[in-house]
Amino acid sequence: RIARRGSRAGWSGAASGGQWLTSQVLAMAPRLPVRDQRKLREQFPGLGPEEVADQLIQGASRASAAVGAGVGAALLLPLPTAPVEIAVETLALVGIELKLVAELHEVYGMRAAGTAPERMLAYVVAWAHRRGVALVPGGLALAVGSPLRRQLERRLLARAGRSAVSLGPLLTGAAAGAMLNRRETRRLGHDVRNDLRRRSPQGSRWPGPV
């Protein structure tokens, strides 16, 4: 659906590209499936918060690498134009990373306040800042033209620029895209994790039985 929508809309420059990506991310975020702390503990029995965080970061990094490799390899086949490929890869990567950010908050007992959509909005901001949630949902201003939204647009354009590496010749682009995506997602995960670990009220132990 994203690919078809992107091929119809197209990009008419960096500014409109950033605005389009931002609107798509804000629409996508509330629909991402996020596991709460209870589900994570059930899925990773016997592991503590630090070990579960390790597993989440590794899994997200592998998924990001697969996206970069897949887009690069797919360019061997007849597909839509390069800007659409970049948009599709960028949105897929941001989705993976937003899910990682949200679940790291669950691991460290730092779930954002508010309803599920409000929490995901807070996690989008956390993704843009590369740290844990620090603002209540009511304090977030993502109206068109607001400073926070412009920062998010710049961050998404930078992510799209890295996605363009996957468009290199033949499988060279696939290998480079996989490597950069894995590294970027891992770095994001560690940045957010370090901030949450420092502020977490539960420390390095689960708060109680599942």
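The values are calculated or read from the model by the stated rules, or taken from the named source; none is laboratory data. Computed from a predicted model, the values in this text were never measured in an experiment. Cβ coordinates were reconstructed from backbone atoms using ideal geometry, including for glycine residues, and neighbour counts include every protein chain displayed.
Figures for the structure shown
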| quantity | calculated |
| --- | --- |
| Count - residues of segment 19-70 that are of a type in the set (A, V, I, L, M, F, W, C) and within 11 Å of Val107 (Cβ to Cβ) | 7 |
| Failed item, numbered, when Gly173 is tested on (1) modelled with pLDDT under 80; (2) within 19 Å of Ala102 (Cα to Cα) | (2) |
| Residue in segment 184-198 that is surrounded by the most Cβ atoms within 10 Å (Cβ to Cβ), counting only those that are without any contact (Cβ under 8 Å) to a residue 40 or more places away in the chain and either at positive phi or among the charged types (D, E, K, R) (or both) | Arg187 |
| Sole residue being part of a helix (DSSP H, G or I), closer than 30 Å to Arg199 by Cβ, modelled with pLDDT of 90 or more and over 14 Å from the mean Cα position of the chain (by Cα), chosen from Glu106, Glu97 | Glu106 |
| Residues satisfying the stated conditions in segment 186-201, i.e. within 16 Å of Leu56 (Cβ to Cβ) and not β-branched (Val, Ile, Thr) | Arg186, Arg187, Leu188, Gly189, His190, Asp191, Arg193, Asn194, Asp195, Leu196, Arg197, Ser200 |
